Amino acid sequence: MNATTQSAPKLADLVRSGDEQVEAIAVTDFIFQANDISNAYLVTTGEGDVMINTGFMDNAERTRRLLTPHRTGPLAFVIITQSHADHYGGLPEFVEEGTQVIGGPGFNEALADMNGLQSFFGPRSGKLWGSTLKRGSAPKAPPHVEPDILVDRRLTVELGERTFELISTPEGETIDNLTVWMPKEKIAFTGNVFGPVWLSMPFLNTLRGDKPRLVRNYLKSLETVRALGAEIVVTGHGEAIRGKERIRADLDKLHAAVSHVRDYTLEGMKAGKDVHTLMREFAWPEGLQIGEFHGKGSWAVKSIWREYSGWLHYEDGTTALYGVPRSSVDADLAELAGGAAKLAQRAQAKLDGGAALEAVHLTDIALNAEPGNAEALKVRKAAHEALLAASGGKNLSETMWLRSEIAAMEAKLAG
């Protein structure tokens with residue numbers, strides 16, 4: 001998969017690529033792939049089978065149907081590369097008597113945090129992913145999972161003629177990320193350590209929300225995988241990446257690109273620039289640009305800024321220290337402006353002048369003061385449509401957000 005040409009719609013297709021799959025993909029003559037929101041893999045040995053991830057709970061029966069023809073013996077191990085439900089959701093469909101489930105460092109804590117906050121994360125995920133995944137209803141509840149074995153930093157498992165080295169590679173998506181390394185075959189299963197698309201910017205803070213992924217730990221995990229010298233990398237999505245030289249070159253470029261974003265941010269902080277200026281001014285140097293299909297360089301600037309400096313931006317001033325947001329005076333501002341309609345007119349003028357984000361700011365004030373104001377709703381919708389057109393649909397997260405906001409404005413106008 002070429003990250004320089006991959007587009008957001010194709011990224012959306014990746015998470016739905018199992019919908020029409022009728023047979024498993026043979027990665028090798030002993031590794032078989034079932035596509036899902038995150039893929040499930042079956043590895044066969046002379047003494048039984050190993051699964052690396054099990055896919056999402058809603059698709060467990062399909063995943064089992066695809067992989068069953070390739071089973072060669074009892075399922076000895078299920079290795080879960082991270083504590084998100086698209087990696088472990090199908091587990092009950094596969095576990096047999098004697099199967100041992102393996103998770104990474106901090107798996108139980110990370111899973112408890114995610115599940116315990118589902119009333120918070122669930123609606124946020126639904127806003128972003130509901131239309132992309134084309135669900136007719138809410139997903140099934142994730143299964144209860146307690147790994148039989150938790151990896152600390154490294155763990156070696158032998159089965160038949162195959163060796164599996166389980167290596168902690170945190171912060172690609174979760175603190176408990178594992179890479180599964182088969183040293184004899186020179187194959188690395190990286191899950192989502194490098195995100196959903198190979199050679200693309202990591203999402204250090206997702207729009208849904210999650211614990212921050214620290215850039216230094218991400219780079220250390222990348223260095224760990226790079227040092228393996230893999231000849232095949234099997235990720236959580238799409239086709240396997242093949243060729244030792246290509247893999248090394250891609251990981252070198254990925255390391256250089258993410259390091260550049262970090263260094264750019266820190267140099268800007270030392271120069272006294274605020275985070276918004278650094279986000280606006282960010283641009284990829286010649287030869288360093290990588291894909292921005294889920295995360296973005298400018299978003300990583302904001303994440304890295306917060307990682308190094310904390311939540312308080314001094315330019316926000318005193319009110320940032322207290323629980324009274326700036327929006328608390330929106331009604332006052334609207335009244336002083338002559339009402340929400342007047343603000344909507346100014347927002348339209350901003351939009352006509354090519355300043356869509358300033359138009360959104362103004363409609364924020366107008367709609368906080370008068371939530372049903374039709375003029376403000378129309379301008380806000382048009383501003384988001386302009387932002388969507390300008391984005392080119394390259395980043396799936398940005399595209400999903402903007403489309404969800406447009407749909408919300410349409411619903412309010414129709415109501």
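Scan LEU155, LEU166, LEU159, LEU178 and give me the residue that is of a type in the set (A, V, I, L, M), in contact with an Asp or Glu (Cβ under 6 Å, 6 or more places away or on another chain) and touching a residue at least 24 places away in the same chain (Cβ under 8 Å). Spell out how you get there, then give the answer.
Numbers: LEU155 fails: in contact with an Asp or Glu (Cβ under 6 Å, 6 or more places away or on another chain); LEU166 fails: in contact with an Asp or Glu (Cβ under 6 Å, 6 or more places away or on another chain); LEU178 fails: in contact with an Asp or Glu (Cβ under 6 Å, 6 or more places away or on another chain).
Going through LEU155, LEU166, LEU159, LEU178 in turn, just one is of a type in the set (A, V, I, L, M), in contact with an Asp or Glu (Cβ under 6 Å, 6 or more places away or on another chain) and touching a residue at least 24 places away in the same chain (Cβ under 8 Å): LEU159.
A residue that is out of contact with any helix residue (DSSP H, G or I) (no Cβ under 7 Å at 6 or more places or on another chain), at negative phi, open to solvent by less than 50 Å² (accessible area, probe 1.4 Å) and of a type in the set (Asp, Glu) cannot be found anywhere in the stretch 258-265. Of the residues in the stretch 229-249, how many are crowded, with 22+ Cβ neighbours inside 10 Å, in contact (Cβ under 8 Å) with a residue 24 or more places away in the chain and more than 14 Å from the chain's Cα centre (by Cα)? So the count comes out to 3.
Of the residues making up the stretch 138-169, those that are over 20 Å from GLU109 (Cβ atoms), over 22 Å from the mean Cα position of the chain (by Cα) and part of a loop (DSSP other than H, G, I, E, B) are GLY160, GLU161.
For residues in the stretch 57-100 being in a helix (DSSP H, G or I) and β-branched (Val, Ile, Thr), which is nearest to GLY122 (Cα to Cα)?
Of the residues in the stretch 57-100, the ones in a helix (DSSP H, G or I) are 57-70, 85-88, 91-93.
Still in the list and also β-branched (Val, Ile, Thr): 63, 68.
Values: THR63: 24, THR68: 32 Å.
Selected residue: THR63.
A quick yes/no check of all residues on (1) under 20 Å from ARG208 (Cα atoms); (2) aromatic (Phe, Trp, Tyr); (3) open to solvent by 60 Å² or more (accessible area, probe 1.4 Å); (4) more than 26 Å from the chain's Cα centre (by Cα):
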{"site": "GLU370", "(1), (2), (3), (4)": "no, no, yes, yes"}
{"site": "GLU375", "(1), (2), (3), (4)": "no, no, yes, yes"}
{"site": "ALA382", "(1), (2), (3), (4)": "no, no, no, yes"}
{"site": "GLU385", "(1), (2), (3), (4)": "no, no, yes, no"}
{"site": "ALA390", "(1), (2), (3), (4)": "no, no, yes, no"}
{"site": "GLY415", "(1), (2), (3), (4)": "no, no, yes, yes"}
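Kindly indicate whether GLY122 is surrounded by fewer than 16 Cβ atoms within 10 Å (Cβ to Cβ) and either in contact with a Lys or Arg (Cβ under 9 Å, 6 or more places away or on another chain) or without any contact (Cβ under 8 Å) to a residue 40 or more places away in the chain (or both). Yes; evaluated as a whole, the condition is true for this residue.
If I ask for residues that are on the phi > 0 side of the Ramachandran plot and touching a residue at least 60 places away in the same chain (Cβ under 8 Å), which ones from the stretch 83-110 would you list? Before the answer, list the steps.
Start the filter on the stretch 83-110 by keeping residues that are on the phi > 0 side of the Ramachandran plot, which leaves 98, 106.
If the condition is that a residue be on the phi > 0 side of the Ramachandran plot and touching a residue at least 60 places away in the same chain (Cβ under 8 Å), then GLY106 is the only one that fits.
The values are calculated or read from the model by the stated rules, or taken from the named source; none is laboratory data. Remember, predicted model here, so these are calculated numbers, not experimental data. Virtual Cβ from ideal backbone geometry, glycine too; neighbours counted across all protein chains shown. Side chains included, ligands, DNA and RNA excluded: accessible areas come from the protein's heavy atoms. Shrake-Rupley method; radii C 1.70, N 1.55, O 1.52, S 1.80 Å.
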